[in-house]
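Readers should treat all values here as calculations from the given coordinates under stated rules, not as data from a laboratory. Predicted, not measured: the structure shown is a model, and the values here were computed from it. Virtual Cβ from ideal backbone geometry, glycine too; neighbours counted across all protein chains shown.
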Amino acid sequence: MTHYLYYESPVGRLLLAENGAGICRLSYFDTPDESWSEGETPLLSCAVRQLDEYFAGSRTAFDLPLSLTGTDFQRSVWNALSRIPYGTTCSYQDIAKAIGRPKACRAVGQANNRNPVAIILPCHRVVGQKGTLVGYAGGLAAKEQLLRLEVGQKAKSVHR
């Protein structure tokens with residue numbers, strides 16, 4: 001059984017869901033499947049706590065079991081997303097090279113767009129080749145806000 005709740009974040013309302021095996025959704029502008037049950041579970045409570053810590057600037061990485069459905073290619077992109085360091089960005093081409101598919105920039109963009117757990121797998125850290133903010137499910141303002149949060153927190157930790 002999949003359980004869900006809505007999380008009110010500084011970048012908008014997010015749908016957070018877990019299916020018994022792990023977190024399976026954290027997304028903007030999404031609606032739950034009719035078969036899902038609304039309500040908090042221990043895993044959703046843990047995810048909410050980690051999201052609160054992230055937005056407060058005290059968490060730089062998530063430690064949650066994930067249960068993601070996707071193609072092998074999508075999974076390789078999502079795995080690469082998990083390795084982008086907090087407070088840094090990389091390009092779609094960087095991800096394509098990291099997964100051994102240097103000419104697959106557009107496909108990387110599509111897989112990035114289908115990331116089922118935004119923020120947890122930091123697709124907001126992927127930018128255009130020249131560092132421009134491009135494409136984000138939550139909108140470019142949310143992407144910019146997330147990057148500012150991370151860069152600001154990273155700078156604070158360096159100056160302590």
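Values computed for the structure shown
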{"item": "Residue-averaged 222 nm ellipticity for the chain, from DSSP H runs of 4+ at -39500 (n - 2.57), nearest 500", "result": "-11500 deg cm²/dmol"}
{"item": "Selected from SER45, SER91, SER82 as most flexible by GNM, with the chain as the system and alpha-carbon contacts under 10 Å", "result": "SER45"}
{"item": "Extended-chain gain in nm, criterion 0.36 nm per residue less alpha-carbon gap, ARG49 and SER67", "result": "4.6 nm"}
{"item": "Sequence-separation-based contact order of the chain, relative, with Cα cut under 8 Å and 6+ spacing, percent", "result": "22 percent"}
{"item": "Ranked packing of 100-106, 118-124, most packed first, by mean Cβ within 10 Å", "result": "118-124, 100-106"}
{"item": "Residues with amide H under 5 Å from that of ARG25, placed H, sequence gap 5 or more", "result": "ALA17"}
{"item": "Span from the the range 57-123 Cα centroid across to the the range 1-50 one, whole angstrom", "result": "20 Å"}
{"item": "Phi-based couplings in Hz for the range 20-37 (Karplus 6.51, -1.76, 1.60; Gly and Pro marked x)", "result": "x, 9, x, 5, 10, 7, 8, 9, 8, 6, 10, 10, x, 5, 4, 7, 6, 10"}
{"item": "Under 13 Å, Cβ to Cβ, from LEU68 - net charge with Lys/Arg +1 and Asp/Glu -1", "result": "+1"}
{"item": "In sequence order, calculated HN-Hα J values of the range 70-78 (Karplus, 6.51, -1.76, 1.60; Hz; x Gly/Pro)", "result": "x, 6, 4, 5, 4, 4, 5, 5, 4"}
{"item": "Relative contact order [Cα under 8 Å, 6+ residues apart], the range 3-56, whole percent", "result": "36 percent"}
{"item": "Packing rank of 36-42, 19-25, where each peptide gets the mean count of other beta carbons within 10 Å, highest leading", "result": "19-25, 36-42"}
{"item": "Whole-Hz ³J(HN,Hα) from phi, Karplus 6.51 cos²θ - 1.76 cosθ + 1.60, for the range 44-51, glycine and proline x", "result": "5, 4, 5, 5, 4, 4, 5, 5"}
